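The structure appears below as structure tokens.
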Amino acid sequence: MIATPIRGATRSITAIGVALLCLTLGGGCTPYLGTTSTSFLRHARDNPDPNLRYLAYSKLGSPNLYDDDRERATAVDFLIKRYQEGREPIAIRAMIIRSLGNLRDPRARELVLKAAGESEAILRIEGCRALGKVGQLEDATTLVRVMSTDNLEDCRIAAIESLGILKPKDSRILIMMVDAMEHEDPAIRLESLNSLRLITGADHGVVAADWRRALGLPRGDEPVVAKPAPTTSPAVKPGPFAAIANAAAKLRDSAPKTTDSMSTSLAQPK
């Protein structure tokens, strides 16, 4: 009979402790970091608390923070340098890549490409996500490789997301994206659908077969076989019915052709 009140009191004290901890972390105990890019740069460079540096790095990724391009360029140069130094913790380095992606400065492309191939999963995720914002169309190859071979689901999803931003028109990539709509993972199916809508500017529903039909694409596991070029009728050897056979061949050759445009182009190269 005494145990119940003690358990209840313990639960009450625990709840009060958690509430006080939340107030301490989320309330006025956090040091003031300022509101300008100069103040955030100072804290990211000099503050000994890694948690506050992490916050400062995240603030530097806000495009609306800067008054002019010179301020933005200064921040980009600082972020690139700090990542290359490699002295910050992994979480902060990942935030640096995210901020560089949000600023969309093409000078960060090489660094972001490097991050997309890092061994640390969180760096690869942020690198793939940022590559769609600072990369070029040729970088779709890197994203396709991650989408196809990376063992981490979040990396594959980030790569698919960036492919939707880059908008490559390569039919092989479109085939992979449509096939991914049938993946066993619903998150990959959804992100593939969203990226296909961005790349094509169209919406053909949520069924992969409808997308294949609309875009004229095969399945990724189906070989693409070229249609054979039309051939002329073989010569008929002389014989008792040679005249009749030759006449039939001429009629057949003079009939309207039913080959499609692809076959015609293959039969008559430029």
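The values are calculated or read from the model by the stated rules, or taken from the named source; none is laboratory data. Small disclaimer: the values here were computed from a predicted structure and weren't measured. Neighbour counts run over all protein chains shown; Cβ positions are idealised from the backbone, glycine included.
Assorted remarks:
- Flag if L60 is touching a helix residue (DSSP H, G or I) at 6+ places or on another chain (Cβ under 9 Å), aliphatic (A, V, I, L, M), within 27 Å of V146 (Cβ to Cβ) and buried (at least 17 other Cβ atoms within 10 Å of the Cβ): yes
- Residue in segment 100-113 that is free of Cβ contacts under 8 Å to residues at least 24 places away in the same chain and in contact with a Gly (Cβ under 8 Å, 6 or more places away or on another chain) present: yes
- The lone exception for E85 - which of (1) touching a residue at least 12 places away in the same chain (Cβ under 8 Å); (2) of a type outside the set (S, T, Y); (3) closer than 19 Å to F40 by Cβ it fails: (1)
- Qualifying residue in segment 87-110 (condition: under 22 Å from the mean Cα position of the chain (by Cα), closer than 15 Å to S162 by Cα and small (G, A, S)): yes
- Any hit, segment 121-140, residues being under 30 Å from D46 (Cβ atoms) and surrounded by fewer than 18 Cβ atoms within 10 Å (Cβ to Cβ): yes
- Those residues of segment 148-168 which are crowded, with 24+ Cβ neighbours inside 10 Å and under 16 Å from I199 (Cα atoms), in sequence order: A158, A159, I160, S162, L163
- With respect to the conditions (1) at pLDDT 95 or above; (2) surrounded by fewer than 18 Cβ atoms within 10 Å (Cβ to Cβ), G86 lacks only one, and its number is (1).
- Screening D179 on (1) within 17 Å of G132 (Cα to Cα); (2) touching a residue at least 40 places away in the same chain (Cβ under 8 Å); (3) not β-branched (V, I, T) shows it passes everything except condition (1).
- Of all residue pairs spaced 6 or more apart or on separate chains, those with beta-carbon atoms under 6 Å, a first member in segment 154-168 that is in a helix (DSSP H, G or I) and a second member that is of a type in the set (G, A, S) and surrounded by fewer than 19 Cβ atoms within 10 Å (Cβ to Cβ) are I157/A187.
- Criterion: in a helix (DSSP H, G or I), surrounded by 19 or more Cβ atoms within 10 Å (Cβ to Cβ) and either touching a residue at least 60 places away in the same chain (Cβ under 8 Å) or of a type in the set (K, R) (or both) - qualifying residue of R93, R42: R93
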